[in-house]
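Asker: Could you have a look at this structure, given as structure tokens, before my questions?
The values are calculated or read from the model by the stated rules, or taken from the named source; none is laboratory data. A quick note: this is a predicted structure, and the numbers were derived from the prediction, not measured. Neighbour counts run over all protein chains shown; Cβ positions are idealised from the backbone, glycine included. Surface areas here come from the heavy atoms of the whole protein model, side chains and all, with no ligands, DNA or RNA. Shrake-Rupley method; radii C 1.70, N 1.55, O 1.52, S 1.80 Å.
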Number of protein chains: 2
Amino acid sequence: MPMTFRVDAVDGAARAGVLANRRGAVHTPAFMPVGTQATVKTLRQSDLEALGAEIILGNTYHLYLRPGHGLIRELGGLHAFMGWNRLILTDSGGFQVWSLADLNRVRPEAVRFQSHLDGSYHEFSPELSMEVQLALGSDVVMVLDRCLTYPLERADAVEGVDLTLQWAARSRAAFDRIEPVAGADPALFGIVQGGIHTDLRARCLQGLREIGFDGYAIGGLSVGEPKSAMWEMVEAGMPDMPPDRPRYLMGVGTPEDLIEGVRRGVDLFDCVLPTRNARKGTVFTSRGRLVVKNAAYARDPRPLDPGCTCYTCRRYSRAYVRHLFQCGETLAQELATLHSLHFYLETMRRARRAVGEGRFGEWAREFLETYRSGAASGPA
Amino acid sequence: MPMTFRVDAVDGAARAGVLANRRGAVHTPAFMPVGTQATVKTLRQSDLEALGAEIILGNTYHLYLRPGHGLIRELGGLHAFMGWNRLILTDSGGFQVWSLADLNRVRPEAVRFQSHLDGSYHEFSPELSMEVQLALGSDVVMVLDRCLTYPLERADAVEGVDLTLQWAARSRAAFDRIEPVAGADPALFGIVQGGIHTDLRARCLQGLREIGFDGYAIGGLSVGEPKSAMWEMVEAGMPDMPPDRPRYLMGVGTPEDLIEGVRRGVDLFDCVLPTRNARKGTVFTSRGRLVVKNAAYARDPRPLDPGCTCYTCRRYSRAYVRHLFQCGETLAQELATLHSLHFYLETMRRARRAVGEGRFGEWAREFLETYRSGAASGPA
């Protein structure tokens with residue numbers, strides 16, 4: 001069964017939908033935990049299931065370098081390799097090439113770069129990105145795009161859109177030609193670039209629609225531009241998005257960003273923020289961020305987020321989690337990650353319910369008021 | 001209800017018993033996972049429950065330094081602090097003072113040392129060790145003993161026994177005087193020292209029995225002496241051990257050591273070996289050790305131990321666990337630790353069953369034959 005997408009409810013621009021293939025369903029709006037190296041750091045796959053994650057993200061660049069897509073294909077694809085039977089979206093690898101690798105040269109044919117692991121040379125092309133993602137058995141494959149950071153000259157943004165469209169067409173052709181690993185039935189998403197220029201983004205989206213994709217992602221945002229510019233780009237592009245295809249805002253963001261994205265019609269999100277922050281001792285709660293490793297919590301018997309039903313909050317105190325961070329114990333990172341991902345996923349589930357009940361605006365106002373109260377760090 | 005100990009079955013010198021207090025029962029022979037800093041490294045308390053651990057060990061030295069026994073007492077004791085409701089045995093802190101701290105001076109009154117964390121000065125006495133362990137709410141408190149390493153002059157061993165007996169008497173008196181944290185009903189174990197001199201060990205045990213303890217530990221072994229000397233000490237001392245009290249062989253050991261200890265009448269064991277090795281990429285299996293991080297397993301689809309029913313073996317391949325070790329992902333350590341502790345605890349459960357059925361010798365022979373076959377690292 002190829003991937004399907006159905007919109008169940010609309011409330012203003014916000015949507016509640018279901019993305020599905022034979023592996024299962026993803027209820028949108030959805031947040032995708034990031035599983036960079038075939039693992040969402042510190043968690044087990046059964047934890048992700050228990051948290052209600054229906055789709056996770058895998059990083060093509062990392063898996064291509066280590067352990068290699070050939071090895072993963074040989075072992076039955078990424079789902080079998082990592083013991084995860086629900087959906088996986090893989091990025092194109094491009095973003096990590098720009099941000100992690102020593103970049104040697106971008107040419108229209110391919111990007112030449114040096115591995116951040118061992119300095120070895122590699123060339124990444126749209127064709128190779130497809131080959132890798134299809135060997136992994138990804139459920140949602142992303143085209144290779146030219147992602148540029150902010151600030152950006154208009155001329156460079158134009159060039160970026162041109163290259164993105166060329167690569168999108170080549171990605172589409174390669175995707176249609178290459179046989180995926182057995183059992184996979186992947187969808188292909190295009191990515192809109194164009195910096196903070198609404199006309200360039202409109203042109204990019206138009207070009208992508210002419211090629212034709214199963215979903216459309218908004219890329220090249222949350223790369224340093226003012227937040228107002230980011231939302232302007234999302235809003236301006238939304239009316240041209242095909243309403244029957246999922247929309248994915250890449251690399252975003254904070255709990256507030258998720259609410260603002262849903263409000264504007266975004267269906268899918270991913271971000272390392274909840275997991276990365278958790279590992280460093282900061283968790284997200286219904287009443288804002290909590291730097292649990294702070295000395296203020298050394299004797300605090302309360303859970304991270306009173307009222308939260310996650311594993312960590314049902315069993316452990318701030319004092320204990322703080323002690324574990326002080327000692328450098330990995331259990332600290334596990335417990336904090338479990339909590340913050342629970343909060344993100346539960347927030348998306350609540351947003352979805354609010355859309356279904358036609359009260360998204362009201363729910364969002366209350367959510368943001370509590371979240372911004374800063375009460376998380378308040379006294380007992 | 002104070003602690004009780006009952007021997008259910010005897011097979012040769014091997015025993016199957018039950019140690020119990022109001023928190024629960026410990027079926028012996030039992031292996032106690034080591035929870036140094038109020039956490040068995042990388043695991044959650046619910047994991048330990050699922051593994052069937054009925055008692056874990058806490059380290060007095062570490063908890064005294066960080067977060068401090070005052071803080072833990074204030075938060076309701078170690079069980080409440082770490083969210084663990086089953087039994088906890090705490091060591092005296094002495095062994096870590098000898099092995100981790102900068103030791104400044106051993107006097108009969110107290111041991112002066114510098115913290116390995118910040119260089120601060122501390123004095124540890126039998127009285128302070130009792131105060132700390134009773135503040136933690138330990139179920140089994142260990143006396144402060146004078147642990148010496150191998151090789152050892154006889155004169156030093158004599159002095160060590162003298163000091164151990166003095167400190168045992170002072171520990172007993174302090175234990176009887178100090179009020180534990182609310183809800184605790186602790187037992188106190190004595191520790192036999194004496195190097196590899198059977199007469200000194202006999203004298204030490206005799207002295208301890210005159211003071212009177214709820215259980216007797218064999219200390220100062222597995223510190224560098226030949227294995228034959230260790231078993232000679234265990235065997236020689238066993239006939240003088242009160243049969244109605246549990247016997248604890250401290251800091252031992254490998255799976256083979258556990259079998260050999262049970263064969264000679266030991267009821268309790270603890271060791272960092274399974275957990276520490278697991279974190280470094282070596283696991284224990286029914287067919288010997290497996291260095292899973294080795295390149296040989298990069299494409300091995302088999303579980304760590306075919307036939308094993310642990311979480312890791314039911315869900316993950318050697319190839320995946322090896323990949324996680326290669327990437328430095330903490331999930332590698334979690335999965336390896338889960339497996340190796342399962343193997344240790346399951347081995348003890350099987351040993352207990354064999355004792356109950358009067359076939360311990362036969363079972364042990366088969367277990368050791370398979371374990372020593374080295375088949376773990378063999379081809380698929």
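Asker: How big is the gap, in Å, between the Cα center of the stretch B:283-333 and the Cα center of the stretch B:75-112?
Answerer: 34
Asker: Rounded to the nearest 5, what is the percent of antiparallel bridges among the DSSP beta bridges in the protein assembly as shown?
Answerer: So the antiparallel bridges in the protein assembly as shown amount to around 50 percent.
Asker: Right, something else. Could I get the Rg over Rh figure for the protein assembly as shown? Both from C-alpha atoms, Rh via Kirkwood, rounded to two places.
Answerer: Rg divided by Rh gives 1.05.
Asker: Please give, to one decimal in nm, the separation of the simple spin-label points placed at residue B:294 and residue B:229, each 7 Å out from Cα toward the Cβ.
Answerer: It works out to 3.1 nm between the two label points.
Asker: Calculate for chain B the 222 nm mean residue ellipticity that helices alone would give, adding -39,500 (n - 2.57) per DSSP H run of length 4 or more and normalising by residue count, nearest 500 deg cm²/dmol.
Answerer: It comes out at -12500 deg cm²/dmol, rounded to the nearest 500.
Asker: Would you mind telling me which residue in A:50, A:135, A:25 has the biggest mean-square fluctuation in a Gaussian network model of chain A, where springs connect alpha carbons within a distance under 10 angstrom?
Answerer: For chain A, modelled as a Gaussian network with Cα springs under 10 Å, the answer is A:50.
Asker: Starting from a label point 7 Å past Cα on the Cβ side, list the distances from residue B:212 to the same position in the other copies, nm, shortest first.
Answerer: 9.1
Asker: With every protein chain left in place, what is the accessible area per residue of the stretch B:176-286 in square angstrom, probe 1.4 Å?
Answerer: 34
Asker: Right, next: Which percent of the accessible area of chain A is formed by carbon and sulfur heavy atoms (probe 1.4 angstrom)?
Answerer: Taking all protein chains in place, chain A shows 48 percent carbon and sulfur surface.
Asker: Give the residue from B:358, A:149, A:79 lying farthest towards the positive end of the charge dipole for the protein assembly as shown; charges sit on Cβ (+1 for Lys and Arg, -1 for Asp and Glu) and the dipole is referred to the Cα centre.
Answerer: Farthest towards the positive pole: B:358.
Asker: What residues of the stretch A:296-310 lose no less than 40 Å² of accessible area with every protein chain in place versus their chain by itself (probe 1.4 Å, heavy atoms only)?
Answerer: Buried by 40 Å² or more upon assembly, which counts only protein chains, are A:299.
Asker: Find the accessible area per residue for the stretch B:62-149; the probe is 1.4 Å, ligands and nucleic acids are left out, and the unit is Å².
Answerer: Result: 34 Å² of accessible area for each residue.
Asker: Nothing charged except the Cβ atoms of Lys and Arg (+1) and of Asp and Glu (-1): what's the magnitude of the dipole of the stretch B:84-228 about its Cα centre? Round to the nearest 20 debye.
Answerer: Magnitude of the dipole: close to 280 debye.
Asker: Computed FRET efficiency, Cβ-Cβ of residue A:66 and residue B:210, R0 60 Å: what is it to the nearest 0.05?
Answerer: Rounded to the nearest 0.05, the efficiency is 0.45.
Asker: Still on this structure, I have one more. Accessible area lost on pairing B with A, both sides, 1.4 Å probe, Å² to nearest 100?
Answerer: 3400
Asker: Average the reciprocal distances over every distinct pair of alpha-carbons in the stretch B:65-114, invert the result, and give the Kirkwood radius in Å.
Answerer: Value: 12.8 Å, from the Cα pair sum.
Asker: Still on this model: Find the chain B residue whose Cβ sits closest to the rotation axis that carries B onto A, and give that distance in whole Å.
Answerer: Reported as residue, whole Å: B:330, 2.
Asker: Checking the cross-link filter: which lysines have an alpha carbon closer than 21 Å to that of residue A:280, excluding same-chain neighbours under 8 positions apart?
Answerer: Within reach: A:41, A:293, B:41.
Asker: What does the copy distance list look like for residue B:99, label position 7 Å along Cα→Cβ, in nm and ordered from shortest?
Answerer: 4.2
Asker: Across peptide A:73-85, how many C-beta atoms of other chains are within 10 Å of each residue C-beta, on average?
Answerer: Shielding by partners across A:73-85 averages 3.
Asker: Would you tell me the mean number of C-beta atoms belonging to other protein chains that fall within 10 Å of each C-beta in B:32-41, as a whole number?
Answerer: 3
Asker: Among A:253, B:335, A:45, flag the residue with its Cα farthest along the positive direction of the charge dipole of the protein assembly as shown, charges on Cβ as +1 for Lys/Arg and -1 for Asp/Glu.
Answerer: About the Cα centre, the residue reaching furthest to the positive side is A:45.
Asker: Still on this structure, I have one more. Rg over Rh of chain B, using C-alpha atoms and the Kirkwood radius, what does it come to?
Answerer: So for chain B, dividing Rg by the Kirkwood Rh gives 0.96.
Asker: Hey, another quick one. Per the Debye formula with a single identical scatterer at each Cα and no solvent contribution, what log10 I(q)/I(0) holds for the stretch B:98-155 at q = 0.21, 0.26, 0.27 Å⁻¹?
Answerer: For the stretch B:98-155 at q = 0.21, 0.26, 0.27 Å⁻¹, log10 I(q)/I(0) is -0.96, -1.16, -1.17.
Asker: What does the accessible area of residue A:308 come to, in Å² to the nearest 10, when a probe of 1.4 Å is used?
Answerer: 30
Asker: Using a label point 7 Å beyond Cα on the Cα-Cβ vector, give me the inter-copy distances for residue A:276 in nanometres, one decimal, shortest first.
Answerer: 3.5
Asker: Next up: How many partner chain Cβ atoms sit within 10 Å of a residue's Cβ in peptide B:318-326, on average, as a whole number?
Answerer: Mean shielding by partner chains, rounded to a whole number: 4.
Asker: Taking chain A as a Gaussian network, Cα atoms linked when under 10 Å apart, which of A:118, A:305, A:257 shows the biggest mean-square fluctuation?
Answerer: Per the Cα network of chain A with a 10 Å cutoff, A:118 tops the list.
Asker: While we're here: Restricting to DSSP loop positions (anything but H, G, I, E, B) with no more than 16 other Cβ atoms inside 10 Å of their own Cβ, which GluC sites (Glu not before Pro) remain in the stretch A:31-122?
Answerer: Those that pass, being in a loop and sparsely packed, are A:109.
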